[in-house]
1. Quick check: from the Cα gyration tensor, does segment 305-356 come out rounded (a/c under 1.5), prolate or oblate?
2. Sorted by accessible area (1.4 Å probe), largest first, how do 403, 64 line up?
3. If you place +1 on the Cβ of every Lys and Arg, -1 on the Cβ of every Asp and Glu, and leave all else neutral, what size is the dipole of segment 72-148 about its Cα centre, to the nearest 20 Debye?
4. With point charges of +1 on the Cβ of Lys and Arg and -1 on the Cβ of Asp and Glu, referenced to the Cα centre of segment 72-156, which listed residue (129, 74, 104) lies farthest in the positive direction of the dipole?
5. Once you sort the root eigenvalues of the Cα gyration tensor of segment 235-295 as a ≥ b ≥ c, which label holds: rounded (a/c under 1.5), prolate (a/b larger than b/c) or oblate (the other case)?
Amino acid sequence: LKLRCLPRLGVLRAFGRLPAHGWRSSAMKLLNKGFDKDGGGTATLIAEESEDLWHVYNLVSKGDTLKATTRRKIQKEGSTGSVQTEVKKITMTIEVKGIEYDAAGDVVRFAGQNCEENQWVKMGAHHTLEIELNNKFTLGKTCWDFMHLQSLDAATDVHKTAEVAVVLIEAGTANFHLLTAVLAKDVHHVTVSLPRKRVTTTGYDKAVVRFFEQVYAGIRDHINLELVKCVVLAGPGFVKDDFLAWMLQRATSSGDVQILQKKSVFVLAHTSCVHRQALKELLADDQVQKSISNTKAAEHLKALESFYQMVKTEPDRICYGPRQAKEAIEKGAVATLMVTDSLFRNANIATRRHYVEMTESVREQGSTVHIFSSQHVSGQQLAQLSGIACVLRFPLPELEDIDSDAGLSDGGDEAPAEKGPGFDEDTDAFM
């Protein structure tokens, strides 16, 4: 297997010229790019949405350079010898040493050392750059490999959308989530205290209407009905049914054309609770699956279901774990490869390169590759299978002799060291 640094035609589209009319707001802006003949180069980008920041987190690796505007305390010595400190806005370029993704704060932090001459900061000085929404930054790599280019292609895809909106609702509580191809993001929360029902229900009814009004406002403010393919109203009781009927009546009486025109995208579903774990139940619901049949989330869920079904019916035609997957790929036996994006963030460059090569090899064999987001419900399920699994073209019973927890090296006794989206530490996971 040979690592390819230079872009292929299909991925090179991500580095094409910007269209004259500009990018849609749903895609990260690619301002400019530049490559050298060895595959190194830079890309200047602006993250405009939360999903963009997740792509940024996946794009940047340790050892890359990152240039952005930042604030830093600068010390100046006066004519009398006194030292004054001021906070100055400057542009810095650092070599990245650590990465932290903060989903709640919509920010990615990059710790590193200054690697470009700067009148305010010494070479090698430590600094942390914070990339927030609408911050321009320039990313430099010595090698833009296949997965980096694919990530950039996905990040700057003008057609990407928030695919599914979910409102988990019960009496007095509503939790709002947006499910995209890579994120399951909490976007809003409504809580209204409801009195107990007594002989007269006037007070209770008024409280319910107040609650419904806030949920209605939440849908208007936090869900773009022009983008989502489906809005799932779900919960353990009948509050979701009552709310849908009330919402449509409210939209009719107030002349809310947007809600009325999009009423077909609202779907009712049952869940055991209104907490985040209910998202997993929803993705397995038949009615919801029909509504989101053409979304990335549905594709991934269907691939996982096929895998689990094969475990029961044809166990010799599935494998999971880095070493088993590697053996199956080398034999040309893989029909479908499922892998989490967290494996491509491995701190060990050689290990990451192996995963890139395995993924590209499967594509070259004409097989299907699904890259699961570790921030998505389906990706978290795949992570329980070590983050990589395959459905095979033909049985390979000999793979049973390989430990599914074995690493990529010949010894195969290493353990993964996925530390989540905090600052990474150097590890030799899988190697």
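The values are calculated or read from the model by the stated rules, or taken from the named source; none is laboratory data. Treat the numbers as computed from the prediction; the structure is a model and nothing was measured. Heads up, the Cβs are rebuilt from the backbone with ideal geometry, glycines too, and the neighbour counts pull from every protein chain shown. Ligands, DNA and RNA are stripped out before the accessible areas are found, and what is left, the full protein with its side chains, is counted by its heavy atoms. Shrake-Rupley method; radii C 1.70, N 1.55, O 1.52, S 1.80 Å.
1. Values: a/c = 3.03, a/b = 1.89, b/c = 1.60.
Verdict is prolate for segment 305-356.
2. Working: 403 90, 64 15 Å².
The ranking, largest first, comes out as 403, 64.
3. Details: 10 positive and 11 negative charges, 55 e Å.
About 260 debye.
4. The listed residue farthest towards the positive side: 74.
5. On the way: a/c = 3.03, a/b = 1.55, b/c = 1.96.
Here segment 235-295 falls in the oblate category.
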